[in-house]
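A short write-up of the structure that comes next.
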Amino acid sequence: MDWICGNLADYRGLLGSGCIGVEDGFIRSVRKAPGRGRVRDYTGTGYIVSPGLIDIHVHLRGLEYSYKETEETGGRAAAASGITLVIDMPNTLPRADNRETVRAKLEALSRAPVDHGLFAAIPRDPRRVEELLSEAIAGFKVYPEDLYERSGGVKGALSSGSLVVLHPELPEAGSAVAEDLVSREAHRNCGFEAAAVEVLAGMGGGRVHVTHASCRSTIIAAKKHGYTVDVTPHHLFYSTLTGAGCMYRVNPPLRPWHEPSWLVYMLLEGLVDAFASDHAPHALWEKSDPLYCSPGIPWLESWPWLVYRLVSVGALDLSEFLWLASRGPAVVAGLEDYGVIREGARGNILVYDPRAVWRFPGPAYSMARHYPSTMARMAGRPIEVLVGGETVFIGGEVIEGVRGVNPFTWRRP
Ligand code: DOR
Ligand code: ZN
(Lines give C-alpha, C1' and ligand atoms only; values in the text may rest on other atoms or scores of the structure.)
(Ligands and ions follow the chains in the order given, each with its own letter.)
Protein backbone atom coordinates (compact mmCIF):
# COMPACT_ATOMS: atom_id res chain seq x y z
CA MET A 1 0.00 0.00 0.00
CA ASP A 2 1.15 3.59 -0.73
CA TRP A 3 0.57 6.09 2.07
CA ILE A 4 0.23 9.82 1.88
CA CYS A 5 0.14 11.64 5.20
CA GLY A 6 -0.55 15.23 6.23
CA ASN A 7 -3.27 17.70 7.06
CA LEU A 8 -6.32 16.06 5.43
CA ALA A 9 -9.29 18.05 4.09
CA ASP A 10 -12.27 17.53 1.82
CA TYR A 11 -15.70 19.16 1.36
CA ARG A 12 -16.42 18.47 5.03
CA GLY A 13 -13.53 20.82 5.93
CA LEU A 14 -10.29 20.05 7.72
CA LEU A 15 -10.30 16.42 8.83
CA GLY A 16 -7.15 16.59 10.97
CA SER A 17 -3.77 15.01 10.64
CA GLY A 18 -3.82 11.53 9.12
CA CYS A 19 -2.77 9.14 6.37
CA ILE A 20 -4.47 7.89 3.22
CA GLY A 21 -3.57 4.39 2.04
CA VAL A 22 -4.02 3.79 -1.70
CA GLU A 23 -3.79 0.48 -3.54
CA ASP A 24 -4.87 -0.49 -7.06
CA GLY A 25 -6.11 3.03 -7.73
CA PHE A 26 -8.47 3.35 -4.77
CA ILE A 27 -8.33 4.55 -1.17
CA ARG A 28 -8.23 1.42 1.01
CA SER A 29 -7.62 3.01 4.38
CA VAL A 30 -7.78 6.37 6.16
CA ARG A 31 -6.10 6.34 9.56
CA LYS A 32 -3.93 8.28 12.00
CA ALA A 33 -0.60 6.63 11.19
CA PRO A 34 0.66 4.89 8.05
CA GLY A 35 0.77 1.12 7.72
CA ARG A 36 3.35 -0.89 5.79
CA GLY A 37 4.48 0.35 2.37
CA ARG A 38 5.84 3.52 0.75
CA VAL A 39 5.09 6.66 2.82
CA ARG A 40 5.00 10.28 1.67
CA ASP A 41 4.76 12.38 4.79
CA TYR A 42 3.66 16.01 4.54
CA THR A 43 2.89 16.31 8.26
CA GLY A 44 4.12 19.60 9.71
CA THR A 45 4.64 21.27 6.32
CA GLY A 46 1.47 23.37 6.46
CA TYR A 47 0.33 21.80 3.20
CA ILE A 48 -3.21 20.48 2.72
CA VAL A 49 -3.93 16.98 1.42
CA SER A 50 -7.31 16.97 -0.36
CA PRO A 51 -9.13 15.05 -3.09
CA GLY A 52 -7.99 15.94 -6.61
CA LEU A 53 -9.98 18.70 -8.31
CA ILE A 54 -12.57 18.00 -11.02
CA ASP A 55 -13.50 19.98 -14.13
CA ILE A 56 -16.67 18.75 -15.84
CA HIS A 57 -16.51 21.14 -18.81
CA VAL A 58 -13.33 21.14 -20.91
CA HIS A 59 -12.52 21.06 -24.61
CA LEU A 60 -9.47 18.87 -25.06
CA ARG A 61 -10.08 18.91 -28.86
CA GLY A 62 -7.96 16.15 -30.46
CA LEU A 63 -9.04 14.40 -33.72
CA GLU A 64 -8.92 17.03 -36.49
CA TYR A 65 -8.61 19.82 -33.94
CA SER A 66 -5.34 18.44 -32.59
CA TYR A 67 -3.61 21.61 -33.76
CA LYS A 68 -5.47 23.45 -30.95
CA GLU A 69 -4.95 20.94 -28.09
CA THR A 70 -4.91 17.20 -27.57
CA GLU A 71 -6.16 14.90 -24.86
CA GLU A 72 -2.56 14.49 -23.71
CA THR A 73 -1.52 18.16 -23.69
CA GLY A 74 -4.78 19.26 -22.08
CA GLY A 75 -4.55 16.35 -19.63
CA ARG A 76 -1.06 17.41 -18.58
CA ALA A 77 -2.25 20.99 -18.13
CA ALA A 78 -4.99 19.66 -15.83
CA ALA A 79 -2.52 17.57 -13.80
CA ALA A 80 -0.24 20.60 -13.38
CA SER A 81 -3.02 22.55 -11.68
CA GLY A 82 -4.27 19.74 -9.43
CA ILE A 83 -7.19 18.60 -11.60
CA THR A 84 -7.40 14.80 -11.65
CA LEU A 85 -10.67 14.27 -13.56
CA VAL A 86 -11.88 16.15 -16.64
CA ILE A 87 -15.00 15.65 -18.71
CA ASP A 88 -14.53 16.50 -22.37
CA MET A 89 -17.03 18.10 -24.75
CA PRO A 90 -18.18 16.65 -28.11
CA ASN A 91 -18.02 19.71 -30.43
CA THR A 92 -15.04 18.06 -32.05
CA LEU A 93 -14.24 17.55 -35.74
CA PRO A 94 -15.85 15.19 -36.59
CA ARG A 95 -18.65 15.77 -34.08
CA ALA A 96 -18.87 13.10 -31.36
CA ASP A 97 -22.51 12.20 -32.06
CA ASN A 98 -21.83 8.68 -33.36
CA ARG A 99 -20.33 5.48 -32.04
CA GLU A 100 -17.19 5.60 -34.19
CA THR A 101 -16.16 9.12 -33.17
CA VAL A 102 -17.07 8.54 -29.51
CA ARG A 103 -14.83 5.46 -29.51
CA ALA A 104 -11.99 7.37 -31.19
CA LYS A 105 -12.27 10.12 -28.59
CA LEU A 106 -12.39 7.65 -25.67
CA GLU A 107 -9.34 5.90 -27.07
CA ALA A 108 -7.44 9.22 -27.30
CA LEU A 109 -8.60 10.20 -23.80
CA SER A 110 -7.21 6.94 -22.41
CA ARG A 111 -3.73 8.38 -23.11
CA ALA A 112 -4.39 11.40 -20.86
CA PRO A 113 -2.54 11.39 -17.52
CA VAL A 114 -5.73 12.19 -15.57
CA ASP A 115 -9.12 10.48 -15.23
CA HIS A 116 -11.54 11.46 -17.94
CA GLY A 117 -15.05 11.28 -19.31
CA LEU A 118 -16.76 12.37 -22.50
CA PHE A 119 -20.18 13.85 -23.19
CA ALA A 120 -21.71 12.72 -26.47
CA ALA A 121 -23.32 15.19 -28.87
CA ILE A 122 -27.01 14.82 -29.74
CA PRO A 123 -27.39 12.76 -32.93
CA ARG A 124 -29.62 14.01 -35.74
CA ASP A 125 -31.48 10.70 -35.83
CA PRO A 126 -33.12 10.19 -32.39
CA ARG A 127 -32.85 6.40 -32.77
CA ARG A 128 -29.07 6.76 -32.46
CA VAL A 129 -29.31 7.97 -28.84
CA GLU A 130 -29.78 4.34 -27.86
CA GLU A 131 -26.59 3.29 -29.62
CA LEU A 132 -24.55 5.94 -27.75
CA LEU A 133 -25.97 4.82 -24.41
CA SER A 134 -24.08 1.56 -24.71
CA GLU A 135 -20.76 3.46 -24.88
CA ALA A 136 -18.91 4.62 -21.73
CA ILE A 137 -20.09 8.23 -22.02
CA ALA A 138 -20.71 10.67 -19.16
CA GLY A 139 -24.01 11.82 -20.67
CA PHE A 140 -25.05 14.20 -23.45
CA LYS A 141 -24.25 17.82 -24.26
CA VAL A 142 -27.05 19.94 -25.69
CA TYR A 143 -25.94 22.93 -27.81
CA PRO A 144 -28.30 25.80 -28.72
CA GLU A 145 -29.06 24.52 -32.24
CA ASP A 146 -29.89 21.05 -30.86
CA LEU A 147 -32.92 22.54 -29.12
CA TYR A 148 -34.51 23.22 -32.52
CA GLU A 149 -32.78 20.96 -35.04
CA ARG A 150 -32.40 17.79 -32.99
CA SER A 151 -35.30 18.03 -30.57
CA GLY A 152 -36.12 14.32 -30.98
CA GLY A 153 -32.61 13.40 -29.89
CA VAL A 154 -32.74 15.86 -26.98
CA LYS A 155 -36.01 14.29 -25.79
CA GLY A 156 -34.45 10.84 -26.11
CA ALA A 157 -31.43 11.92 -24.05
CA LEU A 158 -33.68 13.44 -21.37
CA SER A 159 -35.87 10.35 -21.07
CA SER A 160 -32.87 8.00 -20.99
CA GLY A 161 -32.01 9.15 -17.46
CA SER A 162 -28.49 10.17 -18.58
CA LEU A 163 -26.99 13.41 -17.44
CA VAL A 164 -27.91 16.14 -19.98
CA VAL A 165 -25.66 19.21 -19.90
CA LEU A 166 -27.17 22.34 -21.42
CA HIS A 167 -25.27 25.18 -23.10
CA PRO A 168 -27.89 27.77 -22.17
CA GLU A 169 -28.23 29.98 -25.24
CA LEU A 170 -30.67 29.95 -28.16
CA PRO A 171 -29.58 29.89 -31.83
CA GLU A 172 -31.11 33.36 -32.29
CA ALA A 173 -28.39 34.69 -29.98
CA GLY A 174 -25.86 33.90 -32.70
CA SER A 175 -27.28 36.36 -35.25
CA ALA A 176 -25.60 39.46 -33.88
CA VAL A 177 -25.55 42.51 -36.16
CA ALA A 178 -22.39 43.96 -34.64
CA GLU A 179 -19.45 41.85 -33.55
CA ASP A 180 -17.54 44.03 -31.09
CA LEU A 181 -17.66 42.54 -27.61
CA VAL A 182 -20.07 45.05 -26.06
CA SER A 183 -22.57 44.77 -28.95
CA ARG A 184 -22.26 41.00 -28.89
CA GLU A 185 -23.13 41.01 -25.21
CA ALA A 186 -26.23 43.08 -25.94
CA HIS A 187 -27.34 40.69 -28.70
CA ARG A 188 -26.47 37.48 -26.89
CA ASN A 189 -28.11 38.80 -23.76
CA CYS A 190 -29.11 37.15 -20.49
CA GLY A 191 -32.67 36.66 -21.73
CA PHE A 192 -31.48 34.01 -24.20
CA GLU A 193 -29.91 32.01 -21.38
CA ALA A 194 -33.00 31.79 -19.20
CA ALA A 195 -35.12 31.17 -22.31
CA ALA A 196 -32.92 28.22 -23.32
CA VAL A 197 -33.41 26.67 -19.87
CA GLU A 198 -37.18 27.06 -20.30
CA VAL A 199 -37.13 25.56 -23.80
CA LEU A 200 -35.27 22.50 -22.52
CA ALA A 201 -37.60 22.18 -19.52
CA GLY A 202 -40.51 22.15 -21.97
CA MET A 203 -39.02 19.10 -23.70
CA GLY A 204 -39.50 16.77 -20.76
CA GLY A 205 -38.11 15.85 -17.38
CA GLY A 206 -34.61 14.52 -16.93
CA ARG A 207 -31.29 14.84 -15.12
CA VAL A 208 -30.19 18.26 -16.30
CA HIS A 209 -27.11 20.32 -15.55
CA VAL A 210 -26.85 23.91 -16.80
CA THR A 211 -23.26 24.85 -17.56
CA HIS A 212 -21.45 28.21 -17.66
CA ALA A 213 -24.30 30.34 -16.29
CA SER A 214 -23.20 33.90 -16.97
CA CYS A 215 -26.26 35.69 -15.52
CA ARG A 216 -28.15 35.54 -12.25
CA SER A 217 -31.39 34.92 -14.18
CA THR A 218 -29.88 31.70 -15.60
CA ILE A 219 -29.18 30.37 -12.11
CA ILE A 220 -32.69 31.30 -10.99
CA ALA A 221 -34.21 29.54 -14.03
CA ALA A 222 -32.07 26.43 -13.45
CA LYS A 223 -32.96 26.23 -9.76
CA LYS A 224 -36.66 26.72 -10.52
CA HIS A 225 -36.56 23.44 -12.43
CA GLY A 226 -34.39 21.60 -9.91
CA TYR A 227 -31.35 21.56 -12.22
CA THR A 228 -27.75 21.79 -11.08
CA VAL A 229 -25.64 24.67 -12.38
CA ASP A 230 -21.97 25.64 -12.72
CA VAL A 231 -20.12 28.90 -13.25
CA THR A 232 -16.80 29.56 -15.00
CA PRO A 233 -13.92 31.59 -13.61
CA HIS A 234 -14.30 34.09 -16.47
CA HIS A 235 -17.97 34.81 -15.84
CA LEU A 236 -17.14 35.21 -12.13
CA PHE A 237 -14.08 37.41 -12.40
CA TYR A 238 -14.16 39.12 -15.80
CA SER A 239 -16.69 41.54 -17.26
CA THR A 240 -17.13 43.59 -20.44
CA LEU A 241 -14.82 46.08 -18.74
CA THR A 242 -11.97 43.54 -18.41
CA GLY A 243 -10.91 43.54 -22.03
CA ALA A 244 -12.25 44.08 -25.52
CA GLY A 245 -9.95 41.88 -27.59
CA CYS A 246 -10.11 38.31 -28.86
CA MET A 247 -8.71 36.98 -25.60
CA TYR A 248 -12.02 37.81 -23.96
CA ARG A 249 -14.32 36.68 -26.76
CA VAL A 250 -16.30 33.76 -25.40
CA ASN A 251 -19.78 32.21 -25.53
CA PRO A 252 -21.80 33.07 -23.52
CA PRO A 253 -20.11 36.49 -23.59
CA LEU A 254 -18.66 38.34 -20.63
CA ARG A 255 -21.33 40.50 -19.03
CA PRO A 256 -21.51 44.05 -17.65
CA TRP A 257 -19.91 44.16 -14.20
CA HIS A 258 -23.13 43.77 -12.21
CA GLU A 259 -23.63 40.18 -13.45
CA PRO A 260 -20.26 38.87 -12.15
CA SER A 261 -21.07 40.56 -8.85
CA TRP A 262 -24.35 38.67 -8.72
CA LEU A 263 -22.63 35.40 -9.63
CA VAL A 264 -20.13 35.78 -6.79
CA TYR A 265 -23.02 36.61 -4.44
CA MET A 266 -24.99 33.54 -5.53
CA LEU A 267 -21.88 31.39 -5.26
CA LEU A 268 -21.33 32.54 -1.68
CA GLU A 269 -25.03 31.93 -0.93
CA GLY A 270 -24.63 28.29 -1.97
CA LEU A 271 -26.79 28.45 -5.12
CA VAL A 272 -24.02 27.16 -7.41
CA ASP A 273 -23.19 23.43 -7.57
CA ALA A 274 -19.75 23.46 -9.19
CA PHE A 275 -16.98 25.41 -10.85
CA ALA A 276 -16.31 24.40 -14.45
CA SER A 277 -13.77 26.10 -16.66
CA ASP A 278 -15.04 25.65 -20.26
CA HIS A 279 -11.31 25.41 -21.13
CA ALA A 280 -11.49 26.33 -24.83
CA PRO A 281 -8.09 26.31 -26.55
CA HIS A 282 -7.58 27.66 -30.08
CA ALA A 283 -4.56 28.26 -32.28
CA LEU A 284 -3.16 31.78 -32.05
CA TRP A 285 -4.14 32.58 -35.64
CA GLU A 286 -7.75 31.78 -34.77
CA LYS A 287 -7.55 34.29 -31.94
CA SER A 288 -6.19 37.21 -33.94
CA ASP A 289 -9.01 38.79 -36.00
CA PRO A 290 -10.52 41.30 -33.55
CA LEU A 291 -14.11 40.87 -34.76
CA TYR A 292 -14.38 37.29 -35.97
CA CYS A 293 -11.93 35.32 -33.87
CA SER A 294 -12.95 31.98 -32.35
CA PRO A 295 -14.68 32.22 -28.98
CA GLY A 296 -13.17 30.59 -25.93
CA ILE A 297 -10.81 31.09 -22.99
CA PRO A 298 -8.21 28.46 -22.00
CA TRP A 299 -7.98 27.77 -18.30
CA LEU A 300 -6.88 24.25 -17.42
CA GLU A 301 -3.43 25.17 -16.22
CA SER A 302 -4.45 28.02 -13.94
CA TRP A 303 -8.08 28.35 -12.88
CA PRO A 304 -8.16 26.57 -9.48
CA TRP A 305 -5.59 28.93 -8.02
CA LEU A 306 -7.22 32.05 -9.37
CA VAL A 307 -10.47 30.89 -7.75
CA TYR A 308 -8.61 29.96 -4.54
CA ARG A 309 -8.09 33.67 -3.99
CA LEU A 310 -11.68 33.66 -2.72
CA VAL A 311 -10.49 31.33 0.05
CA SER A 312 -7.33 33.28 0.77
CA VAL A 313 -9.30 36.51 1.28
CA GLY A 314 -11.77 34.70 3.54
CA ALA A 315 -14.83 34.95 1.27
CA LEU A 316 -15.14 31.21 0.66
CA ASP A 317 -14.47 28.52 3.24
CA LEU A 318 -12.03 25.74 2.43
CA SER A 319 -14.94 23.27 2.63
CA GLU A 320 -16.95 25.33 0.12
CA PHE A 321 -14.00 25.47 -2.27
CA LEU A 322 -13.49 21.70 -2.04
CA TRP A 323 -17.19 21.22 -2.70
CA LEU A 324 -17.30 23.51 -5.74
CA ALA A 325 -14.00 22.31 -7.25
CA SER A 326 -14.19 18.60 -6.40
CA ARG A 327 -17.15 16.97 -4.61
CA GLY A 328 -19.86 19.12 -6.23
CA PRO A 329 -18.79 18.33 -9.82
CA ALA A 330 -18.44 14.65 -8.85
CA VAL A 331 -22.01 14.59 -7.57
CA VAL A 332 -23.29 16.40 -10.68
CA ALA A 333 -21.57 13.76 -12.83
CA GLY A 334 -22.95 10.94 -10.68
CA LEU A 335 -19.50 9.85 -9.48
CA GLU A 336 -20.05 9.12 -5.80
CA ASP A 337 -16.55 7.71 -5.36
CA TYR A 338 -14.81 10.98 -6.34
CA GLY A 339 -14.11 14.19 -4.45
CA VAL A 340 -14.03 12.64 -1.00
CA ILE A 341 -11.43 11.12 1.34
CA ARG A 342 -12.88 7.80 2.46
CA GLU A 343 -12.32 4.10 1.96
CA GLY A 344 -13.45 3.00 -1.47
CA ALA A 345 -13.03 6.41 -3.11
CA ARG A 346 -10.74 6.87 -6.11
CA GLY A 347 -7.14 7.54 -5.07
CA ASN A 348 -6.93 10.96 -6.71
CA ILE A 349 -5.15 13.31 -4.33
CA LEU A 350 -3.92 16.88 -4.35
CA VAL A 351 -1.27 18.17 -1.96
CA TYR A 352 -1.10 21.96 -2.07
CA ASP A 353 0.44 24.87 -0.22
CA PRO A 354 -2.46 27.10 0.91
CA ARG A 355 -0.11 29.99 1.80
CA ALA A 356 1.62 30.28 -1.58
CA VAL A 357 1.09 33.53 -3.47
CA TRP A 358 2.50 33.62 -6.98
CA ARG A 359 1.98 34.81 -10.51
CA PHE A 360 0.94 32.32 -13.19
CA PRO A 361 3.83 32.49 -15.69
CA GLY A 362 1.77 31.21 -18.62
CA PRO A 363 1.05 27.66 -19.77
CA ALA A 364 3.82 25.07 -19.86
CA TYR A 365 1.73 22.08 -21.03
CA SER A 366 -1.42 23.36 -22.72
CA MET A 367 -0.96 24.14 -26.43
CA ALA A 368 -3.12 27.27 -26.12
CA ARG A 369 -1.12 30.49 -25.87
CA HIS A 370 -4.00 32.90 -25.26
CA TYR A 371 -4.38 32.50 -21.48
CA PRO A 372 -5.76 35.81 -20.14
CA SER A 373 -4.68 34.61 -16.68
CA THR A 374 -1.00 34.82 -17.67
CA MET A 375 0.78 36.87 -14.98
CA ALA A 376 -2.35 36.96 -12.81
CA ARG A 377 -1.88 36.62 -9.07
CA MET A 378 -2.68 33.15 -7.77
CA ALA A 379 -3.27 31.93 -4.21
CA GLY A 380 -2.42 28.35 -3.21
CA ARG A 381 -0.14 26.13 -5.27
CA PRO A 382 -0.02 22.40 -6.07
CA ILE A 383 2.92 20.53 -4.55
CA GLU A 384 2.07 16.93 -5.52
CA VAL A 385 -0.81 15.47 -7.52
CA LEU A 386 -1.71 11.76 -7.59
CA VAL A 387 -4.01 9.94 -10.00
CA GLY A 388 -5.09 6.51 -8.75
CA GLY A 389 -2.29 6.72 -6.18
CA GLU A 390 0.39 7.41 -8.80
CA THR A 391 2.30 10.69 -8.71
CA VAL A 392 1.53 12.68 -11.87
CA PHE A 393 2.90 16.07 -10.75
CA ILE A 394 5.71 16.90 -8.33
CA GLY A 395 8.55 19.42 -8.11
CA GLY A 396 6.68 21.73 -10.48
CA GLU A 397 6.62 19.15 -13.28
CA VAL A 398 4.23 16.65 -14.82
CA ILE A 399 5.58 13.10 -14.69
CA GLU A 400 5.43 11.15 -17.96
CA GLY A 401 3.83 7.74 -18.19
CA VAL A 402 0.83 8.03 -15.87
CA ARG A 403 -2.54 7.10 -17.39
CA GLY A 404 -5.95 8.00 -15.99
CA VAL A 405 -9.10 5.89 -16.23
CA ASN A 406 -12.63 6.54 -17.47
CA PRO A 407 -14.93 5.99 -14.45
CA PHE A 408 -17.95 5.85 -16.77
CA THR A 409 -16.81 2.42 -17.86
CA TRP A 410 -17.95 1.22 -14.43
CA ARG A 411 -20.55 3.92 -13.69
CA ARG A 412 -23.24 4.26 -16.32
CA PRO A 413 -24.51 7.87 -16.71
O1 DOR B 1 -16.54 30.21 -25.97
C2 DOR B 1 -16.86 29.06 -26.27
N3 DOR B 1 -15.96 28.22 -26.83
N4 DOR B 1 -18.10 28.67 -26.07
C5 DOR B 1 -18.55 27.48 -26.55
O6 DOR B 1 -19.71 27.20 -26.36
C7 DOR B 1 -17.69 26.59 -27.31
C8 DOR B 1 -16.27 26.83 -26.96
C9 DOR B 1 -15.34 26.17 -27.95
O10 DOR B 1 -15.53 24.99 -28.24
O11 DOR B 1 -14.38 26.82 -28.38
ZN1 ZN C 1 -17.71 24.59 -23.78
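The values are calculated or read from the model by the stated rules, or taken from the named source; none is laboratory data. These numbers were taken from a predicted model, which means no experiment stands behind them. FYI the Cβ positions are ideal-geometry reconstructions off the backbone, even for glycines, and counts take in every protein chain you see. The area values use the complete protein model at the heavy-atom level, side chains included, leaving out ligands, DNA and RNA. Shrake-Rupley method; radii C 1.70, N 1.55, O 1.52, S 1.80 Å.
The table for this structure:
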| read-out | value |
| --- | --- |
| Accessible-area order (highest first, 1.4 angstrom probe) of the listed residues Phe140, Phe192 | Phe192, Phe140 |
| Heavy-atom accessible area order for Phe26, Phe237, Phe119, largest first, 1.4 Å probe | Phe237, Phe26, Phe119 |
| Antiparallel DSSP beta bridges within the chain, as percent of all bridges there, nearest 5 | 55 percent |
| Those aspartates and glutamates that a straight Cα-Cα span of less than 15 Å connects to Lys224, excepting residues fewer than 8 apart in one chain | Glu193, Glu198, Asp273 |
| Accessible surface, the range 165-209, averaged per residue in Å² (probe 1.4 Å) | 37 Å² |
| Cβ crowding within 10 Å averaged over residues, with 80-93, 62-75 ranked highest first | 80-93, 62-75 |
| Accessible surface of Leu181 - all protein chains present, 1.4 Å probe, nearest 10 Å² | 30 Å² |
| With all protein chains modelled, accessible area of Arg150 [1.4 Å, Å²] | 20 Å² |
| Kirkwood-based shape ratio for the range 88-201, expressed as Rg/Rh from alpha carbons | 1.03 |
| Computed accessible area, Lys32, all protein chains, 1.4 angstrom probe, square angstrom | 150 Å² |
| Entries of Lys105/Lys287; Lys68/Lys155; Lys105/Lys223; Lys141/Lys287; Lys105/Lys141 with Cα pairs more than 22 Å apart | Lys105/Lys287; Lys68/Lys155; Lys105/Lys223; Lys141/Lys287 |
| Listed peptides 345-351, 381-387, 310-316 by packing density, highest first (mean Cβ within 10 Å) | 345-351, 381-387, 310-316 |
| Mean separation of Cα contacts under 8 Å (6+ apart) over length of the range 1-89, as relative contact order % | 26 percent |
| Gap separating the Cα centres of the range 68-91 and the range 160-209, nearest whole Å | 25 Å |
| Extension reserve of the Asn91-Ser183 stretch, reckoned as 0.36 nm per residue once the Cα distance is removed | 30.6 nm |
| Accessible heavy-atom area order of Asp2, Asp273, Asp41, highest first, probe of 1.4 Å | Asp41, Asp2, Asp273 |
| Cα gyration tensor, the range 257-413 - rounded (a/c under 1.5), prolate or oblate | rounded |
| The chain: relative contact order as a whole-number percent, Cα under 8 Å and 6+ apart | 22 percent |
| DSSP beta bridges in the range 36-118 [antiparallel fraction, %, rounded to 5] | 10 percent |
